[in-house]
Amino acid sequence: MNRLILAFFIFIISSPLFADYVDDINNNATKRAESCRVIYEMNVGSFSNEGTFVAAQAKLEELRTLGIDIVWLMPVYPRGGGINSPYAPTNFQQTNPSYGTVADLKAFVARAHELGMEVWLDWVPNHTATNAEWVTTHPEYYGWNGQQEFRHPSAGGITYNDVWQLNYYNTDLVNAMNNALKFWIDEADIDGYRCDYISSSQIPVSYWTEAISLIKNYKPGKTITFLGEADIAQDVTKLKAVGFDYDYAWAYQSSLVSYGSTGVYAAPLKTSADKMLSASGSVSFSRMLYLTNHDQNWNESKKTLTEKYGVNRYPLTVLAYTLYGMPLIYNGQETGGNQALNYFEDTKINWTTKDAKMCNTIRTLTALKHAVPALGDKVGVNWVTVSTGSSNVLAFTRKVSHPSGGTEEGAEVLVVLNMATTQTSATLTGLTAGAWSQWLTSETISQGTSRKQLSFSATQSLTLEAKGYRVFVKGTFSDEELPDPEVYTPTLDNVDEISIFFETATERDYAIWAWGALGGGEAYCINTSWPGDAMTLMGQTDTGRYIYKYTLTKVSDVPANLIISYNGGNSKIYDGVGFVNHGYYVEGKSTPTQVITTTGIQELRGERLAQGGDYYDLSGRKVATAESSSLLPKGIYIRGGKKYVMK
């Protein structure tokens with residue numbers, strides 16, 4: 001019973017209680033057209049506490065609500081090589097026993113198909129683990145050096161000592177690899193492959209041409225899609241014509257990494273985008289755009305979204321999902337992406353963390369991708385002239401001549417981003433005049449989704465908050481109101497955590513910098529550069545004020561002092577005040593007004609019904625009021641934003 005209660009508790013704090021128009025779009029189980037899909041990179045071992053196919057399968061409906069069309073599974077093979085890398089497989093036709101069986105994977109794929117999703121496997125063509133089965137059974141499959149010894153592959157000056165290089169000039173090896181690709185189609189009904197390290201000089205171009213064609217034609221009526229891990233359009237151009245369906249827009253993502261601390265102006269963003277768009281026009285395949293994945297999150301100095309992009313992570317997310325191609329969500333990114341996930345150890349995603357702004361932004365963007373023809377993968381970009389605030393504001397439209405359905409709804413989309421650290425007014429010229437609908441605005445998205453009908457002139461003025469963003473769709477759509485504020489009662493995940501709470505009248509990107517006996521602020525911050533770590537918006541008070549929370553995860557000692565700032569600048573609400581563990585700070589007051597002691601889910605007893613407030617079940621149905629004299633049956637209930645269990 002305790003495990004069941006915990007499972008329900010985790011579900012209700014990580015899932016929306018009430019459906020909205022975005023959910024209605026994303027939950028449609030019809031398989032999407034190829035040009036309007038969203039892909040999700042999942043590490044099975046990290047995705048749930050159990051780390052199994054079975055547990056991941058139970059969460060597939062949540063991914064569908066998020067708007068996922070393709071689940072890319074990081075390598076599911078048994079691991080070897082001594083450092084437990086998923087990219088060091090010991091057998092290409094087995095599953096990692098800690099994840100489950102081939103039958104479990106097949107069931108996972110079948111459930112994904114029922115929900116209208118595809119499943120792609122991560123394919124590791126270049127090498128095997130140093131203790132792979134082939135090392136003893138087929139040593140001829142490997143590349144040898146001059147001393148007749150197996151050879152470790154290397155790239156970028158790094159030698160990978162946990163794996164051996166495969167020899168693609170051996171026909172038997174080529175056949176064995178192709179048979180392994182066929183195996184997963186036969187045994188698990190998978191839909192595609194994400195191919196690792198396709199830029200390897202040890203894999204001939206001819207192999208890719210022949211293998212991709214072979215696998216795509218393996219089963220009549222079955223479509224198999226190939227995603228190559230390389231920037232083929234701009235870097236590994238020798239692979240342009242071998243048959244990949246998608247590549248990585250790698251150079252574009254790399255151009256964004258400095259925006260965590262220095263990215264303010266729109267011009268560098270436009271320059272990077274133009275380079276990517278120009279290269280994209282020369283290839284027949286589509287492209288995958290992303291801000292992070294397992295490499296960026298762990299291998300590149302273990303940097304989270306906040307550490308990599310700072311407060312720019314929100315507008316850059318909008319840009320990545322609306323600019324071009326197929327957007328990628330890395331597992332856990334919908335929670336805010338502020339964990340560095342060690343995929344060698346399958347670090348578990350903390351689903352109890354919550355970034356409503358990021359989650360609602362992402363699921364609205366996926367709904368836009370699904371519902372708006374102008375956001376098809378290869379629809380061109382038209383930069384909008386910004387006559388005011390031009391150094392800070394980036395605006396563009398994407399437009400199709402003949403959208404599906406034959407109507408103008410969704411034929412054009414307008415995206416506006418303010419990269420400045422201050423509120424900015426901008427005048428846009430050259431717009432299509434007429435009816436437009438605002439689907440996404442940074443000013444309210446943390447409260448929930450909404451939609452508002454507007455009328456634009458050819459020249460239109462807008463005012464955006466610092467790091468603000470808006471997305472408009474041409475046409476007439478129903479207005480959708482914001483949900484009632486989610487009332488949050490401050491609680492601790494456990495009594496041992498180190499947290500503070502902050503109440504404010506204004507929704508912004510707040511950050512905390514804490515320091516004390518261990519030295520500088522970096523001792524207590526995940527993000528060692530100013531302004532420190534992002535605070536998480538947990539919900540609102542019953543009067544509509546916002547409550548933020550920050551939990552230290554690096555050290556066990558309580559820091560001595562803190563600074564709270566907003567929007568990545570030096571605007572400090574608190575500067576050097578005393579840090580009180582679990583202190584509740586209110587903007588405008590110099591000391592904490594209380595200390596939070598309540599933890600987790602609370603036990604509900606019958607006599608507490610008279611204390612006031614309505615009770616709801618998990619479907620949102622009111623089941624009791626303060627005046628109710630009857631006891632609630634056993635179960636989990638919500639009252640005033642808090643969760644209770646009736647035993």
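The values are calculated or read from the model by the stated rules, or taken from the named source; none is laboratory data. Given the structure is predicted, the values throughout are model-derived calculations rather than measurements. Cβ atoms come from the backbone with ideal geometry, glycine included; neighbour counts cover every protein chain shown. Ligands, DNA and RNA are stripped out before the accessible areas are found, and what is left, the full protein with its side chains, is counted by its heavy atoms. Shrake-Rupley method; radii C 1.70, N 1.55, O 1.52, S 1.80 Å.
Please go through the stretch 457-482 and give me each residue that is open to solvent by 50 Å² or more (accessible area, probe 1.4 Å) and within 27 Å of the chain's Cα centre (by Cα), ordered by number.
480, 481, 482
How about the stretch 237-272: which of its residues are at pLDDT 95 or above and more than 30 Å from residue 342 (Cβ to Cβ)?
237, 238, 239, 240, 241, 242, 243, 245
So that you can scan it fast, the table gives a plain yes or no per residue for (1) farther than 22 Å from residue 153 by Cβ; (2) part of a helix (DSSP H, G or I); (3) not charged (D, E, K, R):
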| position | (1), (2), (3) |
| --- | --- |
| 61 | yes, yes, no |
| 72 | yes, no, yes |
| 84 | no, no, yes |
| 93 | no, no, yes |
| 103 | yes, yes, yes |
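Is it the case, given these coordinates, that residue 326 is over 22 Å from residue 227 (Cβ atoms), of a type outside the set (S, T, N, Q), within 14 Å of the chain's Cα centre (by Cα) and open to solvent by less than 20 Å² (accessible area, probe 1.4 Å)?
So residue 326 does not fit the description; no.
With respect to residue 372, determine if the residue is in contact with a Phe, Trp or Tyr (Cβ under 7 Å, 6 or more places away or on another chain) and either closer than 27 Å to residue 480 by Cα or surrounded by fewer than 24 Cβ atoms within 10 Å (Cβ to Cβ) (or both).
no
Return the residue satisfying two criteria in turn: it lies in the stretch 46-88 and is open to solvent by 30 Å² or more (accessible area, probe 1.4 Å) and among the small types (Gly, Ala, Ser), and of such residues it is nearest to residue 34 (Cα to Cα).
So, considering only residues that are open to solvent by 30 Å² or more (accessible area, probe 1.4 Å) and among the small types (Gly, Ala, Ser), the one nearest to residue 34 (Cα to Cα) is 58.
Output the number of residues of the stretch 290-309 satisfying the condition of being of a type in the set (A, V, I, L, M, F, W, C) and either surrounded by fewer than 22 Cβ atoms within 10 Å (Cβ to Cβ) or over 21 Å from residue 366 (Cα atoms) (or both).
The total comes to 1.
Can you tell me which residue within the stretch 544-584, out of those that are assigned to a strand (DSSP E or B) and polar (S, T, N, Q), is modelled with the highest pLDDT?
Filtering the stretch 544-584 for residues that are assigned to a strand (DSSP E or B) and polar (S, T, N, Q), the one modelled with the highest pLDDT comes out as 565.
List the helices (runs of 4 or more DSSP H) that sit entirely inside the stretch 296-411 and contain at least 3 residues that are of a type in the set (Lys, Arg).
356-371
Can you pull out the residues in the stretch 39-75 that are in contact with a His (Cβ under 8 Å, 6 or more places away or on another chain) and not charged (D, E, K, R)?
43, 67, 74
Filter the stretch 240-257 down to residues that are more than 27 Å from residue 189 (Cβ to Cβ) and open to solvent by less than 60 Å² (accessible area, probe 1.4 Å) and give me whichever is nearest to the chain's Cα centre (by Cα).
Out of the qualifying residues, it is 253.
Taking the options 186, 172, name whichever one is more than 29 Å from residue 104 (Cα to Cα), in a helix (DSSP H, G or I) and either open to solvent by 60 Å² or more (accessible area, probe 1.4 Å) or at pLDDT below 95 (or both).
Matching residue, one of 186, 172: 172.
Regarding the stretch 483-504, can at least one residue be identified that is more than 19 Å from residue 417 (Cα to Cα), among the aliphatic types (A, V, I, L, M), modelled with pLDDT of 90 or more and open to solvent by less than 30 Å² (accessible area, probe 1.4 Å)?
Scanning the stretch 483-504 turns up at least one residue that is more than 19 Å from residue 417 (Cα to Cα), among the aliphatic types (A, V, I, L, M), modelled with pLDDT of 90 or more and open to solvent by less than 30 Å² (accessible area, probe 1.4 Å).
Do the conditions hold for residue 589, that is, is it open to solvent by less than 30 Å² (accessible area, probe 1.4 Å), of a type in the set (D, E, K, R) and modelled with pLDDT of 80 or more?
no
Quick one: which residue in 428, 454 is touching a strand residue (DSSP E or B) at 6+ places or on another chain (Cβ under 7 Å), buried (at least 19 other Cβ atoms within 10 Å of the Cβ) and not charged (D, E, K, R)?
Just one listed residue meets the conditions, 428.
For every residue, the table says whether it meets (1) under 21 Å from residue 203 (Cβ atoms); (2) assigned to a loop (DSSP other than H, G, I, E, B); (3) in contact with a strand residue (DSSP E or B) (Cβ under 8 Å, 6 or more places away or on another chain); (4) open to solvent by 40 Å² or more (accessible area, probe 1.4 Å).
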site: 108; (1), (2), (3), (4): no, no, yes, no
site: 111; (1), (2), (3), (4): no, no, no, yes
site: 116; (1), (2), (3), (4): no, yes, no, no
site: 122; (1), (2), (3), (4): yes, no, yes, no
site: 125; (1), (2), (3), (4): yes, yes, yes, no
site: 128; (1), (2), (3), (4): yes, no, yes, no
site: 131; (1), (2), (3), (4): no, yes, no, yes
site: 140; (1), (2), (3), (4): yes, no, no, yes
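Looking only at the stretch 209-240, which residues are among the small types (Gly, Ala, Ser) and without any contact (Cβ under 8 Å) to a residue 12 or more places away in the chain?
Correct list: 221 only.
Please verify whether residue 135 is over 14 Å from residue 77 (Cα atoms), open to solvent by less than 40 Å² (accessible area, probe 1.4 Å), at pLDDT 95 or above and touching a helix residue (DSSP H, G or I) at 6+ places or on another chain (Cβ under 6 Å), treating the condition exactly as stated.
No: the conditions fail for residue 135.
So, residue 213, is that one over 23 Å from residue 179 (Cβ atoms) and either part of a loop (DSSP other than H, G, I, E, B) or over 23 Å from the mean Cα position of the chain (by Cα) (or both) or not?
The answer is no for residue 213.
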